[in-house]
Every structure is written in structure tokens, then in C-alpha cells.
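Trainee: This is the structure I have questions about; it appears just below.
The values are calculated or read from the model by the stated rules, or taken from the named source; none is laboratory data. In this text, all values refer to a predicted model and were calculated from it rather than measured experimentally. Quick reminder, even Gly has a Cβ in these numbers, built from the backbone with ideal geometry, and neighbours come from all protein chains shown.
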Amino acid sequence: MTLNRRTLGFMLIGAGAFLLAGPAVARLFAQEQGPNRREFVMKAKDYQFTPARLEVLQDDLVKVTVQSEDVAYSFTIDEYRLSKRIPAGGSTTLEFRADQAGTFAFYSNMTGQAKMRGELIVRAR
């Protein structure tokens, strides 16, 4: 097979474009496969969490800031071994990796707050 100058030129241009685009393509794939950072601000008021449902992907890095607008509460997810107290009128931040897929209840474990519940949904990648 013989290559003329025009064909050879196109091949060199294509190879150059591929080499220049290589790092950008690699970064794109790394971003798709790496963990995302998900941040939520949740209100606790009148014995309710708002929002009462959080959705993330498995292996996401999750940051939840819970702000009390009245009395003291807690934020607990048993399967992730998380439990933090939120002071009356204050806020608390929790950070964790959502490494387990599934639906997990979160709740306040303080006396008289048994109905204060929500759910964390972790979708498998």
C-alpha cells in the first residue's frame, strides 16, 4: 500500500488531534468514575426534616448540614453509624461516603421525636 502526501498529511493531523485531546478525554473519564461531592442543607423545625428525602449515588462524598429552627434535635443513620446532636437554633454538619447502596432511614433519636424521620436513597453506580 502506498501513501500519497495528502493521505499521510491527514493521518498526521488526526494523530496530532488525538494526542492533544487525550488529556481532556482522560479527565472526562476520571470525573465520571470518581466520587461526586453532594452537599445538602436540611432544616429541622416542628419535628420535621426538610427535605425529608436525600438522593445520592453510591460512593458519593456526602455533606449534610442540619439547621434547627426551634428546639434541639439529632440526626441519625444507623447503617452509617452516624448520630449527631443539633442544638436549639444551631446547626451541625455531617460528612460521610455513601458506600452502601440502598434506602436508609434517618431520624431524630431524642425523646419525644420518634416520628421525625426521612430517608437517604443511595443508588448503585
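Trainee: Which of the residues belonging to the range 79-125 are among the hydroxyl-bearing types (Ser, Thr, Tyr) and either out of contact with any Lys or Arg (no Cβ under 7 Å at 6 or more places or on another chain) or not assigned by TED's automatic domain parsing to the domain that holds Phe49 (or both)?
Mentor: Of everything in the range 79-125, those that are among the hydroxyl-bearing types (Ser, Thr, Tyr) and either out of contact with any Lys or Arg (no Cβ under 7 Å at 6 or more places or on another chain) or not assigned by TED's automatic domain parsing to the domain that holds Phe49 (or both) turn out to be Tyr80, Ser83, Ser91, Thr103, Ser108, Thr111.
Trainee: Further question: Going by the conditions given, is Ala44 assigned to a strand (DSSP E or B) and loosely packed, with under 13 Cβ neighbours inside 10 Å?
Mentor: When the stated conditions are applied, Ala44 does not pass them.
Trainee: Residues Thr7, Thr65: which one is modelled with pLDDT under 95 and of a type outside the set (Gly, Ala, Ser)?
Mentor: Thr7
Trainee: Filtering the range 53-73 down to residues that are in a loop (DSSP other than H, G, I, E, B) and under 16 Å from the mean Cα position of the chain (by Cα), which residue is surrounded by the most Cβ atoms within 10 Å (Cβ to Cβ)?
Mentor: Of everything passing the filter in the range 53-73, Asp60 is surrounded by the most Cβ atoms within 10 Å (Cβ to Cβ).
Trainee: Among the residues of the range 86-106, write down those that are touching a residue at least 24 places away in the same chain (Cβ under 8 Å) and in a strand (DSSP E or B).
Mentor: Result: Ile86, Ser91, Thr92, Thr93, Leu94, Glu95, Phe96, Arg97, Phe104, Ala105, Phe106.
Trainee: Then there is this: For Thr76, indicate whether it is surrounded by fewer than 15 Cβ atoms within 10 Å (Cβ to Cβ) and of a type in the set (Val, Ile, Thr).
Mentor: no
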